[in-house]
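These notes are about the structure you will find just below.
The values are calculated or read from the model by the stated rules, or taken from the named source; none is laboratory data. Remember, predicted model here, so these are calculated numbers, not experimental data. With ideal geometry, Cβ positions are generated from the backbone for all residues, glycine too; neighbour counts draw on all protein chains shown. These accessible areas exclude ligands, DNA and RNA; they are computed on the full protein's heavy atoms, side chains included. Shrake-Rupley method; radii C 1.70, N 1.55, O 1.52, S 1.80 Å.
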Amino acid sequence: MSRRIVVSVAAGVVVLGGAGAFALAYAGDQSPTLAHSTARYTAPAADHDGSLTFTTDVTTSSDVKSVKVVAWPANSPFAKKPLTAKDMAGVEESAVCKSSGGDVERCTYKVAVTRADAEGSPKGLWHVAVLVTAKDGDTTLDTKAADFKVA
């Protein structure tokens with residue numbers, strides 16, 4: 001093998017190795033991502049409570065530590081001054097997450113809605129805000145992850 005070919009091959013290995021290491025490091029530093037987020041609101045009836053169910057798929061290179069969920073009316077002050085990660089960090093309500101293969105976890109939050117809750121809530125469009133925290137500390141905030149209507 002000529003010396004020129006050996007040098008070219010060695011340089012190629014170094015470049016590809018460096019690119020692979022960069023890609024691996026970059027993939028490891030990815031913030032959690034949300035996909036397929038849905039919210040389903042069922043109004044209470046005379047004989048039973050209603051519910052709000054929010055579901056999302058979270059992809060993260062480390063496991064999910066917490067998924068904080070807040071529903072807020074579209075005509076609230078949050079429409080002008082959006083929720084922040086700091087606001088969401090104080091939320092006590094969390095979704096329950098279960099692995100659905102690979103780096104993806106399916107997270108579901110469900111809460112009962114009483115007749116009194118429904119009567120005291122604004123009617124119209126609502127949004128669901130979500131703060132995902134991975135075990136490595138990376139976070140993602142989506143203040144309008146899903147929508148639903150209260151009639």
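Quick notes
- Taken over region 47-80, the criterion of being assigned to a loop (DSSP other than H, G, I, E, B) and not charged (D, E, K, R) is satisfied by T60, S61, S62, A74, N75, S76.
- Among (1) surrounded by 14 or more Cβ atoms within 10 Å (Cβ to Cβ); (2) touching a Leu at 6+ places or on another chain (Cβ under 7 Å) - the single one A85 does not satisfy: (1)
- Within region 100-151, the residues that satisfy the criterion of being in contact with a strand residue (DSSP E or B) (Cβ under 7 Å, 6 or more places away or on another chain), among the acidic types (D, E) and open to solvent by 40 Å² or more (accessible area, probe 1.4 Å) are D103, D142, D147.
- Subset of region 81-112 [more than 15 Å from T133 (Cβ to Cβ), assigned to a strand (DSSP E or B) and of a type in the set (S, T, N, Q)]: S99, T108
- So K144, is it in contact with a His (Cβ under 8 Å, 6 or more places away or on another chain), at pLDDT 95 or above, of a type in the set (K, R) and part of a strand (DSSP E or B): yes
- Selection of region 113-141 for residues being outside any strand (DSSP E or B) and under 17 Å from the mean Cα position of the chain (by Cα) yields K135, D136, G137, D138.
- Of all residues in region 28-42, exactly one satisfies the criterion of being at pLDDT below 95 and not in a loop (DSSP other than H, G, I, E, B), namely G28.
- Qualifying residue in region 48-66 (condition: among the basic types (K, R) and under 16 Å from L34 (Cβ atoms)): yes
- Applying the set (1) in contact with a Pro (Cβ under 8 Å, 6 or more places away or on another chain); (2) without any contact (Cβ under 8 Å) to a residue 60 or more places away in the chain to D138 leaves exactly one unmet item: (2).
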